[in-house]
Amino acid sequence: MLAITLAFLKIGFLGFGGGYAMLSLIFSEAAHFGLTVQQFADLNALDGLIPGPIAINSATYVGQLYGGFGTALAATLAVCVPSLIIVPLYTHFEARLNDHWQVPALLKGIKSAAVGLILAIAALLMLTMVGNVTTITDWSNYQADWLSLIIIIFVATADLRWHLNPLLLILLAGLLGGISYYL
Amino acid sequence: MQTNWRLFKVYLLAGTFTFSGGMAMLPVIERELCQKSHLISQQDLYEYTTLAQTFPGVIALTNACFVGKKINGTSGMFVAGLGAILPAFVLMSAATALYQQLPQTGLILNILTGIRAASAGLLFSAAFTLARYNLRDVGSILLALICFGCTLFNLLSAPSLIILAASVGLLLGSRQQKERD
(Lines give C-alpha, C1' and ligand atoms only; values in the text may rest on other atoms or scores of the structure.)
Protein backbone atom coordinates (compact mmCIF):
# COMPACT_ATOMS: atom_id res chain seq x y z
CA MET A 1 0.00 0.00 0.00
CA LEU A 2 2.81 2.38 0.93
CA ALA A 3 4.72 1.54 -2.25
CA ILE A 4 1.68 2.21 -4.45
CA THR A 5 0.89 5.46 -2.61
CA LEU A 6 4.48 6.69 -3.01
CA ALA A 7 4.48 5.69 -6.68
CA PHE A 8 1.39 7.81 -7.31
CA LEU A 9 2.89 10.71 -5.37
CA LYS A 10 5.87 10.53 -7.72
CA ILE A 11 3.57 10.25 -10.75
CA GLY A 12 1.68 13.34 -9.57
CA PHE A 13 4.78 15.48 -9.20
CA LEU A 14 6.32 14.30 -12.50
CA GLY A 15 3.00 14.40 -14.31
CA PHE A 16 3.31 17.54 -16.41
CA GLY A 17 1.29 17.97 -19.56
CA GLY A 18 -1.98 16.17 -18.97
CA GLY A 19 -3.52 12.73 -18.71
CA TYR A 20 -1.62 10.98 -21.49
CA ALA A 21 1.79 12.06 -20.19
CA MET A 22 0.68 10.69 -16.84
CA LEU A 23 -0.60 7.48 -18.38
CA SER A 24 2.89 6.72 -19.71
CA LEU A 25 4.33 7.26 -16.22
CA ILE A 26 1.69 4.91 -14.81
CA PHE A 27 2.58 2.32 -17.44
CA SER A 28 6.24 2.32 -16.43
CA GLU A 29 5.67 2.64 -12.64
CA ALA A 30 2.83 0.12 -12.37
CA ALA A 31 4.91 -2.52 -14.12
CA HIS A 32 6.90 -2.69 -10.85
CA PHE A 33 3.76 -3.91 -9.09
CA GLY A 34 3.15 -6.57 -11.73
CA LEU A 35 0.51 -4.79 -13.79
CA THR A 36 0.24 -6.79 -17.02
CA VAL A 37 -0.12 -5.24 -20.48
CA GLN A 38 -3.67 -6.69 -20.57
CA GLN A 39 -4.58 -4.99 -17.28
CA PHE A 40 -3.14 -1.72 -18.58
CA ALA A 41 -5.22 -2.02 -21.75
CA ASP A 42 -8.31 -2.65 -19.60
CA LEU A 43 -7.45 0.44 -17.55
CA ASN A 44 -7.36 2.54 -20.70
CA ALA A 45 -10.71 1.07 -21.82
CA LEU A 46 -12.25 1.77 -18.38
CA ASP A 47 -10.93 5.35 -18.66
CA GLY A 48 -13.12 5.66 -21.72
CA LEU A 49 -16.17 4.13 -20.01
CA ILE A 50 -15.97 5.88 -16.61
CA PRO A 51 -16.13 9.70 -16.30
CA GLY A 52 -13.34 11.72 -14.69
CA PRO A 53 -9.68 12.72 -15.10
CA ILE A 54 -7.42 9.94 -16.43
CA ALA A 55 -4.95 10.19 -13.52
CA ILE A 56 -7.67 9.88 -10.86
CA ASN A 57 -9.23 6.91 -12.64
CA SER A 58 -5.85 5.22 -12.98
CA ALA A 59 -4.83 5.72 -9.34
CA THR A 60 -8.16 4.29 -8.19
CA TYR A 61 -7.86 1.32 -10.58
CA VAL A 62 -4.28 0.36 -9.67
CA GLY A 63 -4.97 0.84 -5.94
CA GLN A 64 -8.15 -1.23 -6.04
CA LEU A 65 -6.45 -3.98 -8.05
CA TYR A 66 -3.50 -4.39 -5.67
CA GLY A 67 -4.82 -3.55 -2.23
CA GLY A 68 -8.57 -3.01 -2.30
CA PHE A 69 -10.56 0.07 -1.38
CA GLY A 70 -8.14 1.59 1.19
CA THR A 71 -5.20 1.48 -1.20
CA ALA A 72 -7.37 2.94 -3.97
CA LEU A 73 -8.22 5.86 -1.69
CA ALA A 74 -4.59 6.38 -0.65
CA ALA A 75 -3.32 6.28 -4.25
CA THR A 76 -6.02 8.70 -5.41
CA LEU A 77 -5.25 11.16 -2.60
CA ALA A 78 -1.51 10.87 -3.36
CA VAL A 79 -1.98 11.86 -7.00
CA CYS A 80 -4.00 14.90 -5.79
CA VAL A 81 -1.23 16.24 -3.51
CA PRO A 82 0.58 18.41 -6.11
CA SER A 83 -2.60 20.41 -6.89
CA LEU A 84 -3.33 20.99 -3.20
CA ILE A 85 0.21 22.30 -2.60
CA ILE A 86 0.59 24.37 -5.76
CA VAL A 87 -2.70 26.27 -5.70
CA PRO A 88 -2.31 27.92 -2.24
CA LEU A 89 1.39 28.62 -2.90
CA TYR A 90 0.69 30.23 -6.25
CA THR A 91 -2.20 32.35 -4.97
CA HIS A 92 0.01 33.40 -2.08
CA PHE A 93 2.95 34.56 -4.17
CA GLU A 94 1.07 35.49 -7.38
CA ALA A 95 4.13 34.65 -9.43
CA ARG A 96 3.82 35.62 -13.07
CA LEU A 97 5.02 32.24 -14.28
CA ASN A 98 4.18 32.59 -17.95
CA ASP A 99 6.31 35.72 -18.25
CA HIS A 100 9.42 33.57 -17.98
CA TRP A 101 10.54 31.79 -21.15
CA GLN A 102 11.63 28.74 -19.11
CA VAL A 103 8.10 27.51 -18.42
CA PRO A 104 6.90 27.11 -22.02
CA ALA A 105 10.32 25.72 -23.03
CA LEU A 106 10.14 23.04 -20.33
CA LEU A 107 6.56 22.12 -21.23
CA LYS A 108 7.41 21.95 -24.92
CA GLY A 109 10.09 19.33 -24.19
CA ILE A 110 7.75 17.29 -22.00
CA LYS A 111 4.88 17.41 -24.47
CA SER A 112 7.14 16.21 -27.28
CA ALA A 113 8.28 13.34 -25.04
CA ALA A 114 4.67 12.48 -24.21
CA VAL A 115 3.91 11.94 -27.91
CA GLY A 116 6.76 9.44 -28.23
CA LEU A 117 5.88 7.71 -24.95
CA ILE A 118 2.21 7.24 -25.80
CA LEU A 119 3.01 6.05 -29.32
CA ALA A 120 5.46 3.50 -27.88
CA ILE A 121 2.88 2.27 -25.36
CA ALA A 122 0.28 1.96 -28.13
CA ALA A 123 2.81 -0.04 -30.14
CA LEU A 124 3.61 -2.30 -27.16
CA LEU A 125 -0.11 -2.85 -26.61
CA MET A 126 -0.53 -3.74 -30.29
CA LEU A 127 2.42 -6.11 -30.07
CA THR A 128 0.75 -7.91 -27.16
CA MET A 129 -2.74 -7.98 -28.68
CA VAL A 130 -1.80 -8.88 -32.25
CA GLY A 131 1.44 -10.78 -31.78
CA ASN A 132 0.94 -12.36 -28.34
CA VAL A 133 4.47 -11.33 -27.33
CA THR A 134 5.38 -8.77 -24.66
CA THR A 135 8.72 -7.47 -25.93
CA ILE A 136 9.60 -6.45 -29.45
CA THR A 137 12.63 -8.77 -29.54
CA ASP A 138 10.60 -11.90 -28.71
CA TRP A 139 9.93 -12.95 -32.32
CA SER A 140 10.10 -16.70 -31.82
CA ASN A 141 6.76 -16.85 -29.96
CA TYR A 142 4.99 -14.66 -32.48
CA GLN A 143 1.35 -15.64 -33.07
CA ALA A 144 -0.99 -13.47 -35.14
CA ASP A 145 -4.45 -12.37 -33.94
CA TRP A 146 -6.03 -10.79 -37.03
CA LEU A 147 -9.27 -9.70 -35.37
CA SER A 148 -7.33 -7.55 -32.86
CA LEU A 149 -5.35 -5.96 -35.69
CA ILE A 150 -8.55 -5.12 -37.58
CA ILE A 151 -10.15 -3.64 -34.44
CA ILE A 152 -7.05 -1.53 -33.65
CA ILE A 153 -6.94 -0.08 -37.17
CA PHE A 154 -10.71 0.47 -37.27
CA VAL A 155 -10.92 2.14 -33.84
CA ALA A 156 -7.90 4.40 -34.46
CA THR A 157 -9.34 5.52 -37.83
CA ALA A 158 -12.88 5.95 -36.51
CA ASP A 159 -11.65 8.06 -33.59
CA LEU A 160 -9.16 10.13 -35.56
CA ARG A 161 -11.03 10.71 -38.84
CA TRP A 162 -14.74 10.36 -38.06
CA HIS A 163 -14.65 11.49 -34.40
CA LEU A 164 -16.94 8.67 -33.28
CA ASN A 165 -17.62 8.47 -29.54
CA PRO A 166 -14.83 6.39 -27.83
CA LEU A 167 -17.43 4.85 -25.52
CA LEU A 168 -19.36 3.53 -28.51
CA LEU A 169 -16.16 2.22 -30.11
CA ILE A 170 -15.19 0.31 -26.95
CA LEU A 171 -18.64 -1.31 -26.72
CA LEU A 172 -18.59 -2.16 -30.44
CA ALA A 173 -15.15 -3.79 -30.09
CA GLY A 174 -16.43 -5.82 -27.11
CA LEU A 175 -19.39 -6.96 -29.21
CA LEU A 176 -17.09 -8.00 -32.09
CA GLY A 177 -14.91 -9.94 -29.62
CA GLY A 178 -18.00 -11.65 -28.21
CA ILE A 179 -19.22 -12.64 -31.69
CA SER A 180 -15.78 -14.08 -32.49
CA TYR A 181 -16.30 -16.58 -29.65
CA TYR A 182 -19.12 -18.26 -31.58
CA LEU A 183 -17.26 -18.39 -34.91
CA MET B 1 -21.60 27.79 3.34
CA GLN B 2 -24.15 28.21 0.58
CA THR B 3 -21.42 29.10 -1.91
CA ASN B 4 -19.44 26.03 -0.91
CA TRP B 5 -22.47 23.77 -1.41
CA ARG B 6 -23.05 25.32 -4.83
CA LEU B 7 -19.37 24.86 -5.80
CA PHE B 8 -19.46 21.23 -4.68
CA LYS B 9 -22.66 20.54 -6.63
CA VAL B 10 -21.35 22.13 -9.83
CA TYR B 11 -18.07 20.19 -9.75
CA LEU B 12 -19.85 16.96 -8.81
CA LEU B 13 -22.16 17.41 -11.79
CA ALA B 14 -19.28 18.26 -14.12
CA GLY B 15 -17.23 15.33 -12.81
CA THR B 16 -20.05 12.86 -13.31
CA PHE B 17 -20.91 13.66 -16.90
CA THR B 18 -17.53 14.18 -18.53
CA PHE B 19 -15.90 11.25 -20.25
CA SER B 20 -12.34 10.66 -21.44
CA GLY B 21 -10.35 13.21 -19.51
CA GLY B 22 -10.93 16.15 -17.23
CA MET B 23 -10.80 18.94 -19.80
CA ALA B 24 -14.29 18.01 -20.97
CA MET B 25 -15.55 19.45 -17.65
CA LEU B 26 -14.88 23.01 -18.76
CA PRO B 27 -18.06 23.80 -20.73
CA VAL B 28 -20.24 22.64 -17.81
CA ILE B 29 -18.23 24.71 -15.32
CA GLU B 30 -18.44 27.75 -17.57
CA ARG B 31 -22.21 27.46 -17.97
CA GLU B 32 -22.87 26.95 -14.27
CA LEU B 33 -20.32 29.26 -12.61
CA CYS B 34 -19.88 32.05 -15.18
CA GLN B 35 -23.22 32.33 -16.93
CA LYS B 36 -25.76 31.14 -14.36
CA SER B 37 -24.40 32.26 -11.00
CA HIS B 38 -21.69 34.81 -11.97
CA LEU B 39 -19.34 33.53 -9.28
CA ILE B 40 -16.28 33.90 -11.49
CA SER B 41 -15.58 35.72 -14.77
CA GLN B 42 -14.99 33.79 -17.98
CA GLN B 43 -11.61 35.45 -18.31
CA ASP B 44 -10.51 34.25 -14.85
CA LEU B 45 -11.72 30.72 -15.58
CA TYR B 46 -9.71 30.51 -18.80
CA GLU B 47 -6.64 32.05 -17.20
CA TYR B 48 -6.75 29.37 -14.50
CA THR B 49 -7.19 26.69 -17.13
CA THR B 50 -4.04 27.78 -18.93
CA LEU B 51 -2.21 28.12 -15.63
CA ALA B 52 -3.25 24.65 -14.41
CA GLN B 53 -1.64 23.14 -17.51
CA THR B 54 1.78 24.53 -16.64
CA PHE B 55 1.89 22.73 -13.28
CA PRO B 56 2.45 19.06 -12.54
CA GLY B 57 -0.51 17.05 -11.28
CA VAL B 58 -4.08 16.42 -12.36
CA ILE B 59 -4.97 19.43 -14.55
CA ALA B 60 -8.73 19.29 -13.96
CA LEU B 61 -8.17 19.12 -10.20
CA THR B 62 -5.66 21.98 -10.16
CA ASN B 63 -8.11 24.03 -12.17
CA ALA B 64 -10.98 23.21 -9.76
CA CYS B 65 -8.77 24.16 -6.78
CA PHE B 66 -7.86 27.52 -8.37
CA VAL B 67 -11.49 28.34 -9.08
CA GLY B 68 -12.66 27.20 -5.62
CA LYS B 69 -9.90 29.18 -3.89
CA LYS B 70 -10.74 32.32 -5.88
CA ILE B 71 -14.48 32.06 -5.14
CA ASN B 72 -14.45 30.99 -1.51
CA GLY B 73 -10.91 30.72 -0.08
CA THR B 74 -9.35 27.53 1.28
CA SER B 75 -12.66 25.82 2.07
CA GLY B 76 -13.83 26.56 -1.48
CA MET B 77 -10.64 24.98 -2.80
CA PHE B 78 -11.31 21.76 -0.90
CA VAL B 79 -15.00 21.40 -1.81
CA ALA B 80 -14.40 22.16 -5.51
CA GLY B 81 -11.50 19.69 -5.58
CA LEU B 82 -13.50 17.03 -3.78
CA GLY B 83 -16.45 17.50 -6.12
CA ALA B 84 -14.16 17.17 -9.15
CA ILE B 85 -12.59 13.85 -8.11
CA LEU B 86 -15.35 12.14 -6.11
CA PRO B 87 -17.42 10.80 -9.07
CA ALA B 88 -14.29 9.42 -10.77
CA PHE B 89 -13.13 7.74 -7.56
CA VAL B 90 -16.48 6.19 -6.62
CA LEU B 91 -17.41 4.99 -10.12
CA MET B 92 -13.91 3.73 -10.90
CA SER B 93 -13.52 1.74 -7.68
CA ALA B 94 -16.93 0.14 -8.27
CA ALA B 95 -16.03 -0.62 -11.89
CA THR B 96 -12.66 -2.09 -10.90
CA ALA B 97 -14.25 -4.26 -8.20
CA LEU B 98 -16.71 -5.59 -10.81
CA TYR B 99 -13.91 -6.08 -13.31
CA GLN B 100 -11.95 -8.16 -10.78
CA GLN B 101 -14.94 -10.52 -10.49
CA LEU B 102 -14.94 -11.25 -14.23
CA PRO B 103 -13.70 -14.72 -15.11
CA GLN B 104 -11.00 -14.32 -17.77
CA THR B 105 -12.11 -17.33 -19.82
CA GLY B 106 -14.39 -18.27 -22.71
CA LEU B 107 -16.83 -15.65 -23.96
CA ILE B 108 -15.71 -12.99 -21.44
CA LEU B 109 -12.08 -13.37 -22.55
CA ASN B 110 -13.07 -12.87 -26.20
CA ILE B 111 -15.08 -9.75 -25.31
CA LEU B 112 -12.13 -8.41 -23.28
CA THR B 113 -9.76 -9.17 -26.18
CA GLY B 114 -11.91 -7.00 -28.44
CA ILE B 115 -12.02 -4.21 -25.84
CA ARG B 116 -8.25 -4.36 -25.32
CA ALA B 117 -7.68 -3.98 -29.06
CA ALA B 118 -10.01 -0.95 -29.04
CA SER B 119 -7.98 0.44 -26.16
CA ALA B 120 -4.77 0.17 -28.20
CA GLY B 121 -6.52 1.82 -31.15
CA LEU B 122 -7.63 4.74 -28.98
CA LEU B 123 -4.05 5.21 -27.74
CA PHE B 124 -2.78 5.37 -31.34
CA SER B 125 -5.42 7.99 -32.07
CA ALA B 126 -4.42 9.97 -28.96
CA ALA B 127 -0.74 9.83 -29.98
CA PHE B 128 -1.53 11.16 -33.47
CA THR B 129 -3.74 13.94 -32.11
CA LEU B 130 -1.03 14.98 -29.63
CA ALA B 131 1.58 14.85 -32.41
CA ARG B 132 -0.49 17.14 -34.62
CA TYR B 133 -0.55 19.84 -31.92
CA ASN B 134 2.88 19.44 -30.34
CA LEU B 135 5.37 18.32 -32.98
CA ARG B 136 5.92 21.44 -35.07
CA ASP B 137 9.71 21.56 -35.46
CA VAL B 138 12.66 19.21 -36.00
CA GLY B 139 13.72 19.31 -32.33
CA SER B 140 10.33 18.19 -31.06
CA ILE B 141 10.04 15.42 -33.66
CA LEU B 142 13.52 14.10 -32.79
CA LEU B 143 12.74 14.20 -29.07
CA ALA B 144 9.49 12.29 -29.60
CA LEU B 145 11.26 9.68 -31.76
CA ILE B 146 13.98 9.17 -29.12
CA CYS B 147 11.36 8.70 -26.39
CA PHE B 148 9.46 6.30 -28.66
CA GLY B 149 12.53 4.17 -29.30
CA CYS B 150 13.73 4.15 -25.69
CA THR B 151 10.30 3.03 -24.43
CA LEU B 152 9.70 0.45 -27.16
CA PHE B 153 13.07 -1.22 -26.57
CA ASN B 154 12.85 -0.72 -22.81
CA LEU B 155 16.10 1.30 -22.63
CA LEU B 156 15.01 4.12 -20.28
CA SER B 157 12.04 4.50 -17.93
CA ALA B 158 9.30 7.08 -18.48
CA PRO B 159 10.28 9.26 -15.45
CA SER B 160 13.90 9.60 -16.64
CA LEU B 161 12.74 10.32 -20.20
CA ILE B 162 10.40 13.06 -18.98
CA ILE B 163 13.17 14.71 -16.93
CA LEU B 164 15.52 14.38 -19.92
CA ALA B 165 12.93 15.94 -22.25
CA ALA B 166 12.31 18.84 -19.85
CA SER B 167 16.08 19.56 -19.80
CA VAL B 168 16.32 19.38 -23.60
CA GLY B 169 13.34 21.75 -23.82
CA LEU B 170 15.10 24.22 -21.51
CA LEU B 171 18.34 23.94 -23.49
CA LEU B 172 16.64 24.58 -26.85
CA GLY B 173 14.61 27.39 -25.31
CA SER B 174 17.69 29.13 -23.91
CA ARG B 175 19.39 28.97 -27.33
CA GLN B 176 16.37 30.61 -28.96
CA GLN B 177 16.36 33.19 -26.19
CA LYS B 178 20.00 34.08 -26.86
CA GLU B 179 19.35 34.45 -30.59
CA ARG B 180 16.57 36.88 -29.80
CA ASP B 181 18.75 39.04 -27.51
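When the residues of segment A:55-71 are filtered to those that are facing chain B (nearest Cβ under 7 Å) and open to solvent by less than 20 Å² (accessible area, probe 1.4 Å), the one that is farthest from B:L82 (Cα to Cα) is A:Y61. B:Q104 falls short on exactly one of the conditions (1) over 27 Å from the mean Cα position of the chain (by Cα); (2) within 30 Å of A:L183 (Cα to Cα); (3) in a helix (DSSP H, G or I), and that condition is (3). Among the residues of segment B:48-77, those that are within 19 Å of the chain's Cα centre (by Cα) and surrounded by fewer than 19 Cβ atoms within 10 Å (Cβ to Cβ) comprise B:T50, B:L51, B:Q53, B:T54. Specify the residue that is modelled with the lowest pLDDT; the eligible residues are those in segment A:132-183 that are part of a helix (DSSP H, G or I) and exposed (fewer than 11 other Cβ atoms within 10 Å of the Cβ). Result: A:W139. Of all residues in segment B:138-164, those satisfying the criterion of being farther than 27 Å from A:G12 by Cβ and open to solvent by 90 Å² or more (accessible area, probe 1.4 Å) are B:V138, B:L142, B:L145, B:F153. All of B:L135, B:L109 fail the test of being open to solvent by 20 Å² or more (accessible area, probe 1.4 Å), more than 7 Å from every other protein chain (Cβ to nearest Cβ) and under 23 Å from A:A156 (Cα atoms), apart from B:L109. Every listed requirement among (1) of a type outside the set (A, V, I, L, M); (2) modelled with pLDDT of 85 or more; (3) out of contact with any Phe, Trp or Tyr (no Cβ under 9 Å at 6 or more places or on another chain) is met by A:Q102 save one, (2). What do you reckon, is B:V28 modelled with pLDDT of 90 or more and not hydroxyl-bearing (S, T, Y)? So B:V28 does not fit the description; no. Annotation: A:A74 fulfils all but one of (1) more than 7 Å from chain B (Cβ to nearest Cβ); (2) of a type outside the set (S, T, Y); (3) open to solvent by less than 10 Å² (accessible area, probe 1.4 Å); the unmet one is (3). Check segment A:3-10 and report whether any residue there is more than 9 Å from every other protein chain (Cβ to nearest Cβ), closer than 16 Å to B:T96 by Cβ and not small (G, A, S). Yes. Within the set B:T50, B:T18, the sole residue that is part of a loop (DSSP other than H, G, I, E, B) and without any contact (Cβ under 8 Å) to a residue 24 or more places away in the chain turns out to be B:T18. Reported count of residues in segment A:23-54, each being within 22 Å of B:L164 (Cα to Cα) and either open to solvent by 10 Å² or more (accessible area, probe 1.4 Å) or modelled with pLDDT under 85 (or both), is 6. If the condition is being farther than 17 Å from A:L65 by Cα and of a type outside the set (V, I, T), then segment B:99-111 contributes B:G106, B:L107, B:L109, B:N110.
Residues that are free of Cβ contacts under 8 Å to residues at least 12 places away in the same chain, open to solvent by 40 Å² or more (accessible area, probe 1.4 Å) and under 12 Å from B:V67 (Cβ atoms) within segment B:29-42 comprise just one, B:S41. Screening B:L45, B:L26, B:L86 for residues that are open to solvent by less than 10 Å² (accessible area, probe 1.4 Å), aliphatic (A, V, I, L, M) and more than 30 Å from A:L176 (Cα to Cα) leaves exactly one candidate, B:L45. Would you mind stating whether B:S174 is free of Cβ contacts under 8 Å to residues at least 12 places away in the same chain, on the phi < 0 side of the Ramachandran plot, open to solvent by less than 50 Å² (accessible area, probe 1.4 Å) and not assigned by TED's automatic domain parsing to the domain that holds B:F17? Criteria met by B:S174.
Return yes or no: is B:G114 buried (at least 16 other Cβ atoms within 10 Å of the Cβ) and within 7 Å of chain A (Cβ to nearest Cβ)? So B:G114 fits the description; yes.
Among the residues of segment A:11-46, the one identified as part of a loop (DSSP other than H, G, I, E, B), at the interface with chain B (Cβ under 10 Å from one of its Cβ atoms) and in contact with a Ser or Thr (Cβ under 9 Å, 6 or more places away or on another chain) is A:F16.
Screening segment B:150-166 for residues that are assigned to a helix (DSSP H, G or I) and more than 7 Å from every other protein chain (Cβ to nearest Cβ) and picking the one that is nearest to the chain's Cα centre (by Cα) gives B:I163.
The values are calculated or read from the model by the stated rules, or taken from the named source; none is laboratory data. Given the structure is predicted, the values throughout are model-derived calculations rather than measurements. Glycine also receives a Cβ, built like all others from the backbone with ideal geometry; neighbour counts cover every protein chain displayed. Note: areas computed on protein heavy atoms with side chains; ligands, DNA, RNA excluded. Shrake-Rupley method; radii C 1.70, N 1.55, O 1.52, S 1.80 Å.
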